[in-house]
Every structure is written in C-alpha cells, then in structure tokens.
Amino acid sequence: MENYYELLGLSIDAPIDVLRRELNQKMRLWSHRTNAPQIERRQEAERMVRLLEEVEETLLDEGRRNEYNKALQEFLDKQQNETEASQEASAKSDFQQVDWEQVKFISSLDDDHDDVAAAVEEQVEPSSPKISDEDRVLLIAKGEDYLQQNRLSEALEIAERLIKEAELVATVWAFMGEVRIAMQDYHEATTAFVKSLDLDPQNAAYVAQLGKIFTQQGKWERARHHFKRATTLDPDNIDYRFYLGSTLVKQGEEIEGLKLLETCVRINPDNREYLRELAQAYLEMACSGWTQVPAGNPYLPPGRYPTRNADLKRAKVFLDRARRLPIQDIELRNDIHRLHMEIQSHGKRKFTGSWWMFALSIMFLVGIDIYNFSYLNTAFIALPLIYLISAMAPSFRIYSKAAVGKTGKTDFAYFFAKMKDRFGTKGAVLFSVLLCIPYAPCTPFVLSLVILRNFYKNYSL
C-alpha cells in the first residue's frame, strides 16, 4: 500500500492547508519535469504526476481521507506486527502461490528445465489475459452500445468482467473510465484512466480524457496540464488544441486561448462545436472587463455594466467577431442579439441635469427679455436647450460613479441630491427656492458656466 504521507514528507495528522500547499509544490515540480528530453526522466515524471493526482483525490476529500487513514493505519500495524523472516521465507512470501504438485507432474513428463520454467511461469502469472483479443474487442463494442443506449449498469458489468479477465490491457481500463464518466463518478474515472496510462504512457487520447474529467470538475489547471500534454504527444490532433484553447479561456488566459480556438475554426470551419465554443469565448471576452453591480446598489439594478469607454469599444470588437461566425444554434444567436442590444443601450447618452432648472431657466430668461428687451437677451433664451445637450452624459460615466455608490447626477441635479441627503426633501426644496432669488437675474451668466463645464466633462472622452 502506497504511503501518501511519506511521499509528501508529512505526518498523518497534517492540516489540510499544509497538504494542499505541499501537493501544489510537488505537482509543479513534477509537471515541469514531464518536458525533460530524456525519455526515462519524462516517464518517471508522468508516473509521479499521476500518483500525485491520486493523492490529491484522496487526501483533499475528508471522507476519502478518513477511509484511507484507517486502511493505512491497519496496514502499518500489520507490518509492525510481522516478524522478520529469512531471505528464503521473504522470497516465498513475495512469490505468488503456485500449485507445486502440478509443477512436479509437468516436470515428470519432461525433464527439460526450460519447459518446467515455462509451466511455472504460466501458473504464476495471474494477470495474463483470460480472454482472446477478438472477444475483448467484441465485448468493448457491446459495452459501448450499452453506453449509447444509457444502459449504464449493463455497461459497468461488462467493464468489471473485462478488468477481471484482462487487467493488463490499457483499452479495458479506458473503457472502464468511459463508463465511470457516463455515471458521473469522476473519482473512479480518474483512477481508471490513470491505470490505462500506466499501461500505455504515450497514449494522447487517455491523457485528453483525464483533461476532460478535470474540466467537468472545474479543475482548470490540471485540465490544462493534460490537454497540453496531449497536444505534445499528438500535435496533429485538432481536438486537443481545441480543448486546450477552451481551458485557457476559462482560466482567464483569453488571448492564448482565442488564438488556439481561431486556429481550430480556420482548419475546420464546418465544425459546429468549434464555432460554438469560439462564439461563446467572444461573448465572454466582450464583457470580461465590465463591472458587476450586486443587489442593493441605490442607483443601479444588479447586473454587469461598462464603466469605461474602453469597455464598450472592446465589447463591440468581440461582438462583431461573434456575429460574423456562421452560427446555426438559435439559442446562441439569441445570446449574440441580446448582447448587441445591451451594448447599444449602454452606448447611449443620458440626461443627468435638472429638469426643474431647465424649466426655471426658460422662465427667468423670458422674463429678463420682457423686462429688458434686447437681441442678446432674446438669444439667451436658447441657453436651456444648449444646457440639455451639454448635460447628456455617456452611460459608462454614470455607471462608474453608481457602481461605487455615488450619484451620476450633475450640476443643479447633483446639488439638489446633496441637499436632499443632508436636509431631507422639504429642506432641499426650500433651500433651492431661496437660491432661485439670486439666480434669476444672473441666469445667463451662471447657466453659461454650467454649460461649459458640462461639455468639458461629458464630451471630452
């Protein structure tokens, strides 16, 4: 029995965070060595990576760790209680049991030493296939038919039978892994494909299957390692590059991931899975820089919002790429259309000024012109219209303030909001009315300053 704690250099009661840290260090060390030029070192590194994966599956799960600790303690106790035997006794204990009476019978038939040795070897080897290659292939084919029909229990029976009769055949363990994946038993599926790789270390398909299992579990770093290894073993396989690209996008390495996905689509432009994954990656990239606003924000409903002009430009670029893809999936096309409408909505300007001051300014300017008519005073009546235009702020600037709990209002509206926070609604109204007295005769001058400031703030992107 493998002592995982001895492998990590830790005690059996090591805390979970210490286990995780030591596992990560060992995994980084041996993963790096899988690229060694010497084949012996590379194979040893791959074996260690698979072993560390088993360790992680066992020791980082509380239930499995308790079971393993109990089994390990029993194993260690049994070892401690065993007395030391002589070298001959040790050899006999290690040697598997043989029907020696049958060996003597074989020996009596032929005194040739080589024939006796061959007979002994045949009796000793319990792992030699007990089923012909043809029957094994037929059974696997039958099991795969069961998988397609979702008859999982029958497929599992075939897999277990094959394991008993041909446990040293890599394809048998690979089939067991497929069955476990269909049953969503990813721990057993991982174990099965690890064993298949032990028997066939250079099989890229088995490495990629492990990557798929880790993808299902959200273990992106481990999935990435296996997909990258699969592309190294079989660089001409486009699917492995596709899986690696998808994983990189999920990990946040969008640029490298998109390059691989775009390459796959360029090589096989009719593959719907490639097209769909690339389109989804474009949609994710389009909004990857947007700010997520949680529930409870006083100015915005929960959702994602662009808070910079660059966010909108980036979204438009990737949306345009997604729209150019020949997507047949109706649901995905609807997602693309929804994002298009969302970007259009966020790209509009919104009035952030005060409608009250707009109306009062018109009233005051008309009054000034009536009281003291001049062509200049008549021209000033157009200032409120210019004020409306100046106070049209880009949405992303409103969102950038609202996302941190600040109002997006400007000029008079901002002033009224602050007064309301401090004095309440009635106090703010009364204070604003009192300010209108000095504002009335100075309306052209004050409004002109406000307009200039608004244009600078809202139109100098």
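The values are calculated or read from the model by the stated rules, or taken from the named source; none is laboratory data. Just so it is clear, the model here is predicted, and its values are computed rather than measured. So basically every Cβ, Gly included, is an ideal-geometry build from the backbone, and we count neighbours across all protein chains shown.
Assorted remarks:
- If you filter region 239-253 down to residues that are touching an Asp or Glu at 6+ places or on another chain (Cβ under 9 Å) and among the aromatic types (Phe, Trp, Tyr), you find that the one that is surrounded by the most Cβ atoms within 10 Å (Cβ to Cβ) is TYR240.
- Residue in region 249-262 that is within 30 Å of ILE158 (Cα to Cα), part of a helix (DSSP H, G or I) and hydrophobic (A, V, I, L, M, F, W, C) present: no
- GLU254 touching a residue at least 40 places away in the same chain (Cβ under 8 Å) and either under 18 Å from the mean Cα position of the chain (by Cα) or more than 26 Å from LEU60 (Cα to Cα) (or both): no
- Screening the candidates THR425, THR378 for the property of being farther than 22 Å from PRO441 by Cα and surrounded by fewer than 20 Cβ atoms within 10 Å (Cβ to Cβ) yields one hit, THR425.
- Per the listing ARG314, ARG338, the residue uniquely in contact (Cβ under 8 Å) with a residue 12 or more places away in the chain and of a type in the set (Lys, Arg) is ARG314.
- If you go through region 295-318 and keep only what is touching a helix residue (DSSP H, G or I) at 6+ places or on another chain (Cβ under 7 Å) and over 25 Å from ASN458 (Cβ atoms), you end up with just PHE318.
- Residues in region 393-422 that are surrounded by fewer than 16 Cβ atoms within 10 Å (Cβ to Cβ) and modelled with pLDDT of 85 or more: VAL404, GLY405, LYS406.
- Restricting attention to region 416-447, the residues being out of contact with any Ser or Thr (no Cβ under 8 Å at 6 or more places or on another chain), under 30 Å from ARG308 (Cβ atoms) and in contact (Cβ under 8 Å) with a residue 40 or more places away in the chain number 0.
- Condition met for LEU339 (on the phi < 0 side of the Ramachandran plot, in contact with a Cys (Cβ under 8 Å, 6 or more places away or on another chain) and surrounded by 16 or more Cβ atoms within 10 Å (Cβ to Cβ)): yes
- Index of the failed condition, ILE327 passing every other in (1) loosely packed, with under 12 Cβ neighbours inside 10 Å; (2) touching a helix residue (DSSP H, G or I) at 6+ places or on another chain (Cβ under 7 Å): (1)
- Count of region 356-375 residues which are surrounded by 12 or more Cβ atoms within 10 Å (Cβ to Cβ) and without any contact (Cβ under 8 Å) to a residue 40 or more places away in the chain: 5
- Single residue of GLU167, GLU178, GLU157 found to be out of contact with any Leu (no Cβ under 8 Å at 6 or more places or on another chain), part of a helix (DSSP H, G or I), among the acidic types (Asp, Glu) and outside the structural domain of ARG50 (by TED's automatic domain parsing): GLU157
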